[in-house]
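The values are calculated or read from the model by the stated rules, or taken from the named source; none is laboratory data. No experiment lies behind these values; they were computed from the predicted model shown. Quick reminder, even Gly has a Cβ in these numbers, built from the backbone with ideal geometry, and neighbours come from all protein chains shown.
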Amino acid sequence: MKTVIITGASSGFGLLSTLEFAEKGWYVIATMRNLNKKAVLRNAVEEKGIVDRVKIVELDITSKDSINNFKEFVATLDTIDILVNNAGFAAAGFVEEIPIEEYRQQFETNLFGTISVTQAVLPVMRNQNKGTIINISSISGRVGFPGLSPYTSSKHALEGLSESLRLEMKPYGVNVALVEPGSYQTNIWSTGKQITSKSLDSSSPYFPMVKKLMARLENTDSFGNPSCVARLIVKIADQKNPRLRYPIGKGIRFMIILKKVLPWKMWEKIVRKVVS
């Protein structure tokens, strides 16, 4: 069986990708920061009869000790065919009110954590002269949105990292691809860090915009089925020469094209209507 490592496998795209890969016959190393959250995944693999294809491993991608333990574990593997860097969270608020520490926490997970896991796996892929790294980005990695600067900036940074890494690893037979989902029914906005406290205060000058932002984040009517993203991830894993970017979601490709072709002033008016 081919081997895939998935970070952030306790929920969302990570959990669904784990099940999708295992059902397709892959051996999945499903990592998660908190093993207390493994019950949902464990129950799902037992129900589907794929327990022997999934190994749950503890990994906090922001912890140096955890990363070192992960490196030792990676050294025991015969091969690593795919790495899916999925672990992450979304922080929001308005720049004036967001403590710099909250920005650092956002980047520590979404960017530096991804780098740490990737560095642990790269020597294996380079030596075996094959492999694919799939980084889960977002439409926010291509388009900036008001009120989402921590998340947006971290995903823009991930996009730049992935471009450079792809160019570096091509000579060694290692591919790098980005999955850029739009809005999907995951728990990224309902768990962990969310909107900074100052922006939620009714005395904040940004509070009217925050209310509209929250209404959009809580409106799931237009959200897509996250299983579509999981299937795309597996599809990319099966490709010999995947392209760099895979935007997915309702209206996402159109949004990216629109940003490219419209004068900035026109684009700005469109985006500002979201929260104004």
Just to be sure before I move on: is SER140 among the polar types (S, T, N, Q) and either at positive phi or free of Cβ contacts under 8 Å to residues at least 60 places away in the same chain (or both) in the structure I sent? yes
Helices (runs of 4 or more DSSP H) contained entirely in segment 4-121, each with at least 1 residues that are without any contact (Cβ under 8 Å) to a residue 12 or more places away in the chain and among the polar types (S, T, N, Q): 39-48, 64-74
Would you mind stating whether SER162 is over 17 Å from PRO242 (Cα atoms) and in a helix (DSSP H, G or I)? no
Of the conditions (1) polar (S, T, N, Q); (2) within 24 Å of ASN34 (Cα to Cα); (3) at pLDDT below 85, the single one that SER154 does not satisfy is (3)
By residue number, the members of segment 125-136 that are in contact (Cβ under 8 Å) with a residue 40 or more places away in the chain and either more than 20 Å from GLN239 (Cβ to Cβ) or under 13 Å from the mean Cα position of the chain (by Cα) (or both) are ILE133, ILE134, ASN135, ILE136
Exactly one condition in (1) touching a Ser or Thr at 6+ places or on another chain (Cβ under 6 Å); (2) among the aromatic types (Phe, Trp, Tyr); (3) farther than 24 Å from ILE139 by Cα is not met by PHE107; state its number. (3)
Looking at this structure, is GLY141 crowded, with 20+ Cβ neighbours inside 10 Å, of a type outside the set (Lys, Arg), within 18 Å of PRO181 (Cα to Cα) and touching a helix residue (DSSP H, G or I) at 6+ places or on another chain (Cβ under 6 Å)? yes
